[in-house]
Structure formats: structure tokens, C-alpha cells
Amino acid sequence: MRALIALGGPVRDYQIIRQSAQQKCYDLLIAADSGLKHFHRLGCPPDYLLGDMDSVTAADREWLEQTGNQTQVLQFPVEKDWSDAELCADYACKAGADSLTFLGVFGSVRPDHSLMNLQLMTRLAEKLPTAPLLTDGLSWVWTLRGPRTQTVRLESLLPLPYTVSLIAATSVLKGVSYQGLYYPLTDQTVRQGSSLAISNHARSSEFTVSLARGTGWLLVTPADD
């Protein structure tokens, strides 16, 4: 089951996510509090609205009511032990989702939330069969836990030049290999803090990144960012 979870951070482009939603690529749609605004812009009401509701706007609430959709609202107290993102991720997993895409994660005015969300992805990568994905519609970040081979098809993204980077989330990555990128890597070791595996770019419309051991973030970002 594939789930799309919208958080409250900015989204720079909705085209790819809108196409996926319209094509019913997601089985479960979850809004985390003010992340409801993204489903409003997509014109697609969520199945669930979770959070403490401290930042949902009146306009987004009115839109949701006007859709007539049976969105289930699960409200939690403001003073709680979990972020809205963690609540949504755990709820999706309990509902049977085994593929999670998070929208509106980057660019938050709260750096603690941004960093915590990256750490949340490393936990999810330990138990999901597919790599959790973060996006703002232009940049794409997969959390890979070895052994894993991730194939990226650029034709499924916007027609832009992209920079490809792999950053270690754990102390060391073993068996890092790149295929289809300008600077190839074969069975390399990448330590935390190393820039060996960043600032690459694709030589064709498809490339693969392989990781034997460790956890890392694979970033595909517009080259002019």
C-alpha cells in the first residue's frame, strides 16, 4: 500500500505529485495538520487529517467541508510526545502502508523539525520494504538502508538537469556503487562527513545507486538550486 503524507513545509511544484494523485498512484492520503493546504492545492481531499490542529487555516477547513469527502479527523493534544509527522507515519504503517512519500518537508522555519524528520526517515527505512521518499516537488530524497539498490528514472520527474548526491546518515556506508552517473563509484566506502559521493549528475535518463551496508540519504535536486 502506497501512502502520501503532506506536512506543513513549502512545496515548490505540484505537477508530479498532482499527476500521481490523479492517476490513483496512492492508496492512502494523510494530511498532517497544516499539510491540509497541499491537498487543497492538489484538489484532492485526504483520507485522514491528523495532528493537534494548531495551524490548519479556516480556508482549508472550509474547502474540506465543501468537498463532501468523508475525511476522518484525528485530533491530538498540542502538548504531546510525538510530532505530527511521526504520528502520521506511524498511523500509515499501522494501516498497512509499505511505501511512504512525504510532501512539504523541506524549508521549515523549525530546523529541529527538519532534522528530526530526516532521523524519522532512517527509522522508517529499517522497517519498510521500500525507501521512504521526501519531496517538495522539485527535490527528491530517498533514505536508503543497505543492502539496497535504488533506480531513479528521470523521465518520471520534471525535465530539469539534476545533481545527485549520497550522504551518510550512519557512521559509514559500505559498498557504494553508482551506475549511469558522470562520476562512477564501485564498491566504495563513504564515511559520515565525506563529500566523496556528492555533486554527481546523470549521463542518461536512468541511473542506479547501490548500498551494501549502512543508511544514507540519496538526494536528486535541480542543478541550479
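The values are calculated or read from the model by the stated rules, or taken from the named source; none is laboratory data. Here the structure is a predicted model, which is why all the values come from computation and not from measurement. Neighbour counts are summed over all protein chains in view; Cβ atoms, including those assigned to glycine, are modelled from backbone coordinates with ideal geometry.
Among the criteria (1) closer than 24 Å to Pro10 by Cβ; (2) modelled with pLDDT under 95; (3) not assigned by TED's automatic domain parsing to the domain that holds Ala212, the one Leu154 does not fulfil is (3).
Among (1) touching a Pro at 6+ places or on another chain (Cβ under 8 Å); (2) hydroxyl-bearing (Ser, Thr, Tyr); (3) more than 14 Å from Gly216 (Cβ to Cβ), there is one condition Thr135 misses while meeting the rest; what is its number? Thr135 satisfies every listed condition except (1).
Give me a count of the residues in the stretch 1-45 that are part of a helix (DSSP H, G or I), crowded, with 23+ Cβ neighbours inside 10 Å and within 15 Å of the chain's Cα centre (by Cα). Within the stretch 1-45, residues that are part of a helix (DSSP H, G or I), crowded, with 23+ Cβ neighbours inside 10 Å and within 15 Å of the chain's Cα centre (by Cα) number 3.
For the stretch 119-151, taking the residues that are outside any loop (DSSP other than H, G, I, E, B), of a type in the set (Val, Ile, Thr) and within 13 Å of the chain's Cα centre (by Cα), the one that is farthest from Leu42 (Cα to Cα) is identified as Thr122. Can you tell me which residues in the stretch 195-208 are in contact with a strand residue (DSSP E or B) (Cβ under 7 Å, 6 or more places away or on another chain) and not aliphatic (A, V, I, L, M)? Ser199, Asn200, His201, Arg203, Ser205, Glu206, Phe207, Thr208 - these are the residues of the stretch 195-208 that are in contact with a strand residue (DSSP E or B) (Cβ under 7 Å, 6 or more places away or on another chain) and not aliphatic (A, V, I, L, M).
Mind listing just one residue for me: the one in the stretch 46-81 that is part of a loop (DSSP other than H, G, I, E, B) and at positive phi and, of those, surrounded by the fewest Cβ atoms within 10 Å (Cβ to Cβ)? Taking the candidates together, the pick is Gly68. Close contacts from the stretch 46-72, counting a first residue that is touching a residue at least 24 places away in the same chain (Cβ under 8 Å) and a second that is among the basic types (Lys, Arg) and surrounded by 14 or more Cβ atoms within 10 Å (Cβ to Cβ), with Cβ to Cβ under 8 Å and a gap of 6+ residues or different chains, come to Asp60/Lys37.
Note on the stretch 104-115: residues that are in a helix (DSSP H, G or I) and surrounded by 14 or more Cβ atoms within 10 Å (Cβ to Cβ) total 2.
Of all the listed residues (Ser99, Ser108, Ser34, Ser20), the sole one being modelled with pLDDT under 90 and not aromatic (Phe, Trp, Tyr) is Ser108. Restricting Asp84, Asp90 to residues that are crowded, with 19+ Cβ neighbours inside 10 Å and of a type in the set (D, E, K, R) narrows the list to Asp84. Scoring Ser99 on the criteria (1) of a type in the set (Ser, Thr, Tyr); (2) surrounded by fewer than 13 Cβ atoms within 10 Å (Cβ to Cβ); (3) closer than 23 Å to Ser156 by Cα leaves a single failure, condition (2). Looking only at residues of the stretch 152-170 that are in a loop (DSSP other than H, G, I, E, B) and in contact (Cβ under 8 Å) with a residue 40 or more places away in the chain, we find that the one that is surrounded by the fewest Cβ atoms within 10 Å (Cβ to Cβ) is Pro161.
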